[in-house]
Protein chains: 2
Amino acid sequence: MDTICLNGEFIALESARVSATDAGLLLGEGVFETLRVERGQVLFAEDHFARLGRGLRILEIPFVVEPENLLALCQQVVDANELEDARLRITVTRGPMRNQPIVAREGEPTLVITATALDARMDEKRYRGWRLVMAPHPRNHRSPLATVKSTSYLESSLARRYAVRLGFDDALLLNTDGLVAETSVANIFLVQSGLVKTPPIADGPLPGTMRGRIAELCGVAGVGFAEESLTVEDLLAADEVFVTNALIQVMPVVAIGEREIADGQTGACAARLQTALRARIDAELRERWS
Amino acid sequence: MDTICLNGEFIALESARVSATDAGLLLGEGVFETLRVERGQVLFAEDHFARLGRGLRILEIPFVVEPENLLALCQQVVDANELEDARLRITVTRGPMRNQPIVAREGEPTLVITATALDARMDEKRYRGWRLVMAPHPRNHRSPLATVKSTSYLESSLARRYAVRLGFDDALLLNTDGLVAETSVANIFLVQSGLVKTPPIADGPLPGTMRGRIAELCGVAGVGFAEESLTVEDLLAADEVFVTNALIQVMPVVAIGEREIADGQTGACAARLQTALRARIDAELRERWS
């Protein structure tokens, strides 16, 4: 049976319970992170913990992220479930409310950490690439939550469901000004004349942890990198398009709707960035084990 | 101790627990309704149940609203807590997920019904009126959730917290086109030359249950009613402004930020609509008891 961490305790998933008045349940008041685990090791925990801390401060949830303690809890969940390649999720909500809307009891946030094996087909998809569909609704880049990975996640869930129902891998979200923001689960990039471009945070993408590593990876791979507002036409006219997040890492995009990107094949730049990332992760894991 | 209804069972609040992998907790996948109870009776249940059903269908949560059964559960929560004037909340989430993001087990939604005594100061506030502040962020009227009262409620919670922190009663939200949408918890109306106006649903207000009764109340009170896009300037130049929801009913607004509406006093039209509502509720309660 799966073991999860609930408020620091390790419990069988089936018996892990939270209050029916948790502000996370009733009002979507929480933040979360999805981390990748490879060979039993949590990757880029510091990036995720930094974003988690920023989100908690914006929401004024009084949970203090202590990186060493939190990483130890994450690692124990991975170990307890004997996982090698896995997705790990950390959720922190405002916790149980007094039986009143909006007014949460302060000081008792809820912490949930779960981990499950990764489907190997996710990585294999990198050889064929993702196909995106345009989401039917825009993302509000001026929302106070635009930069927060919050558990008020329904808009993204609906966009994702829409894409999957139509047979696509994900949905492309424009912001309310009509500029490219992100996909429902990933940041988006194009490659044009050897330069990698992605929308600035002001245009509405979530500040993804893998997005934050792209400048470094571009340096290793010997390609230029710039933040720049993008239109759908820019994407369609690009030499390559790819998306990134902590789980899929660098995933080529071969089509948007019925329109193929370039020749409809996965691109060379995305492959080089994934190779650079692979080397970066391998070096880090070697260092931990030495 | 407070009693709540959880999936049809009546349980002490302190021991009511849901799965730590409930999609409501982890991804904000749920809908809710807040109903007013007067003299121990649930008001306008049919309006709330209709909206609940619409939200569930948009979210594709397979919970069937059976009005008679649901009302009986609501009434039992009210009775168990011996409440006279109360706020009652119905929450339905997608329920426990397989230990995988986004993929919920189908067919097991979570139902939570809570009720708490109303603070009498809420009604007394009608004599002084509310003061609103401009929210610092716009509401996305083109969101798929614009018409859904969902538990992905964090944007509204943050706007509400912002207002309360600054000493106001609520925050006024414009949509991403700069037009008036609603407040964080209520629909907004102005009165100009004897005509009541409110923004159309396309401009981003949640279709409030009390908003849905306003045309009827205007008819009784002998004032005209129209849906029309509104600007902040329209509100500031109005003879009166008021807001409505199921709990506060018809609440005068006397100021937006530092700007008073008309003479800064509560308005006559809002009072007449509240009187018409009062009579409507009294007639309904008499009928139930006869």
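Could you run the Karplus curve 6.51 cos²θ - 1.76 cosθ + 1.60 with θ = phi - 60° over region A:269-282 and give me ³J(HN,Hα) per residue in whole Hz, x for Gly and Pro?
3J(HN,Hα) across region A:269-282, in whole Hz: 5, 4, 5, 5, 5, 5, 5, 5, 5, 4, 5, 4, 5, 4.
Over the protein assembly as shown, with a single point scatterer placed on each C-alpha, what log10 of the ratio I(q)/I(0) does the Debye formula yield at q = 0.11 1/Å?
-1.03
Helix B:154-165 versus the longest principal axis of chain B: what is the Cα-based angle in degrees, 0 to 90, to the nearest 10?
With both axes taken from Cα atoms, the answer is about 50 degrees.
Quick one: label points 7 angstrom along Cα→Cβ at residue A:257, distances to the other copies in nm, smallest first?
Nearest to farthest, the other copies are at 4.0 nm.
Mind checking the per residue accessible area of chain A for me, 1.4 Å probe, whole number of Å²?
Heavy-atom SASA per residue in chain A reads 39 Å².
Helix A:67-80 sits at what angle to the longest principal axis of chain A, using alpha carbons and giving 0 to 90 degrees rounded to 10?
On a 0 to 90 degree scale, this one is about 90.
What accessible area, in Å² to the nearest ten, does a 1.4 Å probe give for residue B:145?
Number for this one is 20 Å².
State the percentage of accessible surface on the protein assembly as shown attributable to carbon and sulfur atoms; use a 1.4 Å probe and exclude ligands, DNA and RNA.
Result for the protein assembly as shown: 50 percent of the exposed heavy-atom area is carbon or sulfur.
Under unit Cβ charges (Lys, Arg +1; Asp, Glu -1), what dipole magnitude, rounded to 20 debye, does region B:123-281 have relative to its Cα centre?
Dipole of region B:123-281, to the nearest 20 debye: 580 debye.
Extension gain residue A:121-residue A:262, at 0.36 nm per residue separation less the Cα-Cα distance, in nm?
Fully extending the segment from residue A:121 to residue A:262 adds 48.3 nm.
Say the dipole of the protein assembly as shown comes from +1 at the beta carbon of Lys and Arg and -1 at that of Asp and Glu; which of A:229, A:32, B:41 then lies farthest toward its positive end?
Of the listed residues, the answer is A:229.
P(r) for region B:69-193, please, calculated from all Cα pair distances in 5 Å bins and given in %.
Cα pair-distance distribution for region B:69-193, in percent: 2, 9, 13, 15, 16, 16, 15, 9, 4, 1, 0, 0.
Could you state the angle between the C-alpha long axis of helix B:45-59 and the longest principal axis of the C-alpha atoms of chain B, as a value from 0 to 90 degrees rounded to the nearest 10?
Value to nearest ten degrees: 70.
With a cut-off of 16 Å, note down the residues of region A:213-244 whose backbone N falls inside the zone around a label point 7 Å from the Cα of residue A:166 toward its beta carbon.
The answer is A:232-233, A:236, whose backbone nitrogens lie closer than 16 Å to the label point.
At a Förster distance of 30 Å, what's the computed FRET efficiency of residue B:202 paired with residue B:279, Cβ-Cβ distance as r, to 0.05?
Working: r = 32 Å, r/R0 = 1.06.
Once the sixth-power term is evaluated, E becomes 0.40.
Taking H placed 1.01 Å from N in the peptide plane, check which residues at least 5 places from residue A:134 or on another chain put their amide H under 5 Å from its amide H.
HN-HN under 5 Å from residue A:134: A:172, A:257.
Can you list the residues, at least 5 places off or on another chain, whose amide H is less than 5 Å from the amide H of residue A:22, using H built in the peptide plane?
Hits under the 5 Å cutoff: A:97.
Beyond 18 Å, what percent of the Cα pairs of region B:25-93 remain?
Looking at region B:25-93, the distances longer than 18 Å represent 37 percent of pairs.
Kindly flag which residue pairs out of B:149/B:197; A:149/B:125; A:149/B:197 have an alpha-carbon separation exceeding 28 Å in this structure.
A:149/B:125; A:149/B:197
Over all alpha-carbon pairs of chain B, lay out the pair-distance distribution in 10 Å bins, whole %, shortest bin first.
Computed distribution, short to long bins: 6, 27, 34, 24, 8, 1.
Karplus couplings for region B:121-129 from phi (6.51 cos²θ - 1.76 cosθ + 1.60, θ = phi - 60°), rounded to Hz, Gly and Pro as x?
5, 4, 5, 4, 4, 4, 7, 9, x
Mean shadow of region A:141-290, computed from the convex hull of its alpha carbons, in nm²?
That works out to 9.6 nm², a quarter of the Cα hull's surface.
Jot down the per residue volume, in cubic angstrom and as a whole number, of the convex hull over the alpha-carbon atoms of region B:3-118. Mind dumping the intermediate values first?
On the way: hull volume 10.6 nm³, N = 116.
Once divided by residue count, the hull of region B:3-118 is 91 Å³.
If you take the square roots of the eigenvalues of the alpha-carbon gyration tensor of region A:191-237 and sort them as a ≥ b ≥ c, do you get rounded (a/c under 1.5), prolate (a/b over b/c) or oblate?
Here region A:191-237 falls in the oblate category.
Could you state how much accessible area is buried at the A-B interface, both sides summed, with a 1.4 Å probe, in Å² to the nearest 100?
5100
The values are calculated or read from the model by the stated rules, or taken from the named source; none is laboratory data. The structure presented is a predicted model; accordingly, all values stated were derived computationally and were not measured. Heads up, the Cβs are rebuilt from the backbone with ideal geometry, glycines too, and the neighbour counts pull from every protein chain shown. Keep in mind that these areas ignore ligands, DNA and RNA; they rest on the heavy atoms of the full protein, side chains included. Shrake-Rupley method; radii C 1.70, N 1.55, O 1.52, S 1.80 Å.
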